[in-house]
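Colleague: Take this structure first; my questions come after.
The values are calculated or read from the model by the stated rules, or taken from the named source; none is laboratory data. As the structure is a computational prediction, the values presented were derived from the model and not from experiment. For neighbour counting, all protein chains shown are included, and Cβ atoms are generated from backbone atoms with ideal geometry for every residue, glycine included. Side chains included, ligands, DNA and RNA excluded: accessible areas come from the protein's heavy atoms. Shrake-Rupley method; radii C 1.70, N 1.55, O 1.52, S 1.80 Å.
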Amino acid sequence: MVMSPNKDAGHQPPPSAHSPSESMIYQRPELPPSVHHAPNTRAMPVSNASTPSFNSTESICDAKKGKYIAAESDETGIAVNDSRNAHLNKSLLLCAMVAALSSINYGWVIGSVNVPALVIEECSSGPETWTNGFPSCIPMSSTLWGLVVGLTALGAWAGSMYSGMIADWLGRRNTLMYNNAFFVAGALLCGTATSIAQLAIGRFVAGIGCGFAANIVSTYNSEAATTRSRGFLGGFQQLMILVGLFFSQVVSIGLSNAPLWRVLFSLSAAVAILQSGLLFLIPESPRYLAIKKRYDESRSALQKLRGNLDITLEFEELVAMLDAGSRNSSVSKPSLWQILSGKTEVDLRHLVFCVLFLMLSQQWSGAKGVMFYSTEILSKTFHLSEEEIKHIPSIAQLLTLGIGAIGAVAVVIGMSILDKVGRRTVLVVSSLATSICAALIVVGSKLDLGPMVAVFMYAFNLVFQSGAGFIPYLSASELLPYHVLGSISGIATSVNCLTLFIVSFIFPILDKTLGPYLFVPFVVTNFITFLFGVFMMPEAKGKLIAEVIEQYQGPPHIVHSAGLLSKKRGSSISN
């Protein structure tokens, strides 16, 4: 059984040689022979007390004077300048921001259709006219418009299915770079669309880029993150998606009339080209490079991400962890069937179920429906006339901007409290509050109270994005060992995107069918997520992945309200 880490671990007897995971956690890791140490990284001369410790003791040796000088350390016993102790730093944040430009593009693609929807599908700004070979609008039914909008999610599903495999082949950074070709092609197809078919193909192609971004950005950031910045960077992707969505809607106010909506769609290409240039300035994922046995490059990449901090022990632990994982897993990676059926060395079914459920729940919440169709919903809620709809910006469009802005603020709030109160608590409160807000939207719609509907649509997005909206994106990297992370992340992202396609396609149909009761299904789905959080959600706050796996292994089951298994099972686990 993996022991719980504590401050006195260094004084415990050495773990058994038959338990590599314990050795990995409590002893200085033994590196593969192919790993070359930089000169003097085992014991480095120091000149003052601020120099970091390079071993597991609380002092360091001055090679010249033969003295031991106490190294400054925090409550964990890790030297302050040791990169294992680091929070978010400038270098890491800048690299995460460059990678997250793909997430901004994702948000731009899904948000850019909201404000100009009525102009494009219903020609609300005037009858269809042709100028220089391009129509002013592309009239279609609301059902067909829902399909066109939803094709972005279907493309994302297709992209996510292969994103993990391609990222393992090309690397995380290179995959993001090549993926920008989909954003550019999709933007050009939509920006020059003359028919429903061309617009639909453009949305699908751009969606492929979104699918790659959804998986690879979170993978890069989680592999680049320090333990203490993991929660923040886990929510960073969702934050950047919402930032992209918000900016697309701000720009939409001035670009919704014909033919300017074409420029709106085309701007996605500019973001992609900008990111392609910036990606040359950031390092590849250190973990990916170490997996490929490119140790010198991995060490260099890790140093760039950690700034001036000492990376010696973090790098050695990274290499030893991956080496132990490869030794303790089967010669080849377990198949998907083995993982899902619990036929691996450690039964991961509960954790896999939780990751898949969270990615499913994020989209069935109805939040993306609000992002796609809030302008149309609010136009009907406030009974806007055709003339009022034609006037840009209308009250519905202005309220839509606020919904996008409050979502971004909510993610920042959630990220700031996540590592203080825990993932599970945040999810439970967020999903219950979302369900309540959905119910109050129904009440406001039934009573025909436009301001009440608008207020609780704001509240709906606020409480959802502050927890249930971004926690799914960090779940896989916090709950699963590395040797299954790629395959399960790909499936989880594809489940997420496929659910998004279904929701975005049926949302306008539900709107016409259910009328004021549109949000009733989402009262139910968000309450189901709340029950999942109470009874099944693992808590990963401050835990090593090995601890999480040991605590929550087994088939899907109910856990105690404190987040512990009703019955613990001991096992030797390696990440």
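Colleague: Out of the residues in the range 291-313 that are of a type in the set (S, T, N, Q) and surrounded by fewer than 19 Cβ atoms within 10 Å (Cβ to Cβ), which is farthest from residue 94 (Cα to Cα)? If you could, list the steps in order and put the result at the bottom.
Modeller: Keep residues of the range 291-313 that are of a type in the set (S, T, N, Q), which gives 298, 300, 303, 308, 312.
Okay, now just the ones that are also surrounded by fewer than 19 Cβ atoms within 10 Å (Cβ to Cβ), so 300, 308.
Values: 300: 17, 308: 15 Å.
The residue in question is 300.
Colleague: Sticking with this one: Of the residues 469, 402, 422, which single one is touching a helix residue (DSSP H, G or I) at 6+ places or on another chain (Cβ under 6 Å) and in contact (Cβ under 8 Å) with a residue 24 or more places away in the chain?
Modeller: 469
Colleague: Now a separate question. Of all residues being polar (S, T, N, Q) and modelled with pLDDT under 90 in the range 392-450, which is most open to solvent (accessible area, probe 1.4 Å)? Just the residue, please. Full working, then the answer.
Modeller: Filtering the range 392-450 for residues polar (S, T, N, Q) gives 394, 397, 400, 416, 425, 430-431, 434-435, 445.
From what's left, modelled with pLDDT under 90: 394, 397, 400, 416.
Working: 394: 7, 397: 8, 400: 1, 416: 65 Å².
For the range 392-450, the residue satisfying everything is 416.
Colleague: When you check residue 243 against the structure, is it over 13 Å from the mean Cα position of the chain (by Cα), open to solvent by 10 Å² or more (accessible area, probe 1.4 Å) and within 18 Å of residue 262 (Cα to Cα), yes or no? Step through it out loud before you land on a result.
Modeller: Numbers: over 13 Å from the mean Cα position of the chain (by Cα): yes; open to solvent by 10 Å² or more (accessible area, probe 1.4 Å): yes; within 18 Å of residue 262 (Cα to Cα): no.
It is false that residue 243 is over 13 Å from the mean Cα position of the chain (by Cα), open to solvent by 10 Å² or more (accessible area, probe 1.4 Å) and within 18 Å of residue 262 (Cα to Cα).
Colleague: Looking at residue 212, is it surrounded by fewer than 20 Cβ atoms within 10 Å (Cβ to Cβ) and of a type outside the set (Ser, Thr, Tyr)?
Modeller: no
Colleague: Got at least one residue in the range 449-462 being farther than 17 Å from residue 362 by Cα, without any contact (Cβ under 8 Å) to a residue 60 or more places away in the chain and not in a helix (DSSP H, G or I)?
Modeller: yes
Colleague: Moving on. Residues of the range 139-179 being farther than 30 Å from residue 282 by Cβ, without any contact (Cβ under 8 Å) to a residue 60 or more places away in the chain and open to solvent by less than 10 Å² (accessible area, probe 1.4 Å), which ones? Let's see the steps before the verdict.
Modeller: From the range 139-179, those farther than 30 Å from residue 282 by Cβ are 139-151, 154; that's our starting set.
From what's left, without any contact (Cβ under 8 Å) to a residue 60 or more places away in the chain: 139-141, 144, 148.
Answer for the range 139-179, where residues must be farther than 30 Å from residue 282 by Cβ, without any contact (Cβ under 8 Å) to a residue 60 or more places away in the chain and open to solvent by less than 10 Å² (accessible area, probe 1.4 Å): just 148.
Colleague: Scan the range 379-401 and tell me whether some residue there is part of a helix (DSSP H, G or I) and under 26 Å from residue 157 (Cα atoms).
Modeller: Taking the range 379-401 and keeping what is part of a helix (DSSP H, G or I), we get 379-381, 386-390, 395-401.
Narrowing the set further to residues that are under 26 Å from residue 157 (Cα atoms) leaves none.
Checked the range 379-401: no residue is part of a helix (DSSP H, G or I) and under 26 Å from residue 157 (Cα atoms).
Colleague: Name the single residue, out of those in the range 98-138 being of a type in the set (Ser, Thr, Tyr) and crowded, with 23+ Cβ neighbours inside 10 Å, that is nearest to the chain's Cα centre (by Cα).
Modeller: Step one: of the range 98-138, the residues of a type in the set (Ser, Thr, Tyr) are 102-103, 106, 112, 124-125, 129, 131, 136.
Next cut, crowded, with 23+ Cβ neighbours inside 10 Å only: 102-103, 106, 112.
Values: 102: 12, 103: 9, 106: 12, 112: 20 Å.
Here the residue is 103.
Colleague: For the range 377-389, does any single residue satisfy the condition of being touching a residue at least 24 places away in the same chain (Cβ under 8 Å), open to solvent by 10 Å² or more (accessible area, probe 1.4 Å) and within 28 Å of the chain's Cα centre (by Cα)?
Modeller: For the range 377-389, residues touching a residue at least 24 places away in the same chain (Cβ under 8 Å), open to solvent by 10 Å² or more (accessible area, probe 1.4 Å) and within 28 Å of the chain's Cα centre (by Cα): present.
Colleague: Also: If a residue has to be among the β-branched types (Val, Ile, Thr) and either under 24 Å from residue 214 (Cβ atoms) or touching a Lys or Arg at 6+ places or on another chain (Cβ under 8 Å) (or both) to count, how many in the range 76-129 make the cut?
Modeller: Within the range 76-129, the first condition is being among the β-branched types (Val, Ile, Thr), and the residues that meet it are 76, 78, 80, 98, 104, 109-110, 113, 115, 119-120, 129.
Narrowing the set further to residues that are either under 24 Å from residue 214 (Cβ atoms) or touching a Lys or Arg at 6+ places or on another chain (Cβ under 8 Å) (or both) leaves 76, 78, 98, 104, 109-110, 113, 115.
Final tally of qualifying residues: 8.
Colleague: Please verify whether residue 258 is of a type in the set (A, V, I, L, M), open to solvent by less than 20 Å² (accessible area, probe 1.4 Å) and in contact (Cβ under 8 Å) with a residue 24 or more places away in the chain, treating the condition exactly as stated. Even if it seems obvious, please write down each step before you answer.
Modeller: Details: of a type in the set (A, V, I, L, M): yes; open to solvent by less than 20 Å² (accessible area, probe 1.4 Å): no; in contact (Cβ under 8 Å) with a residue 24 or more places away in the chain: yes.
Against the criterion (of a type in the set (A, V, I, L, M), open to solvent by less than 20 Å² (accessible area, probe 1.4 Å) and in contact (Cβ under 8 Å) with a residue 24 or more places away in the chain), residue 258 does not qualify.
Colleague: Just give me the residues in the range 512-535 being open to solvent by less than 30 Å² (accessible area, probe 1.4 Å) and of a type outside the set (Gly, Ala, Ser), in sequence order.
Modeller: Answer for the range 512-535, where residues must be open to solvent by less than 30 Å² (accessible area, probe 1.4 Å) and of a type outside the set (Gly, Ala, Ser): 518, 519, 522, 525, 526, 529, 532.
Colleague: Give 185, 181 a once-over and let me know the one that is more than 30 Å from residue 297 (Cβ to Cβ) and assigned to a helix (DSSP H, G or I). Working first, answer last.
Modeller: Details: 181 fails: more than 30 Å from residue 297 (Cβ to Cβ).
The unique qualifying residue is 185.
Colleague: Given 481, 538, 508, which one is open to solvent by less than 10 Å² (accessible area, probe 1.4 Å) and modelled with pLDDT under 90? Steps first, please.
Modeller: Values: 538 fails: modelled with pLDDT under 90; 508 fails: open to solvent by less than 10 Å² (accessible area, probe 1.4 Å).
Among 481, 538, 508, only 481 is open to solvent by less than 10 Å² (accessible area, probe 1.4 Å) and modelled with pLDDT under 90.
Colleague: Given the criterion touching a Cys at 6+ places or on another chain (Cβ under 9 Å), charged (D, E, K, R) and on the phi < 0 side of the Ramachandran plot, identify the matching residue among 262, 287. Steps first, answer last, please.
Modeller: On the way: 287 fails: touching a Cys at 6+ places or on another chain (Cβ under 9 Å).
Going through 262, 287 in turn, the sole match is 262.
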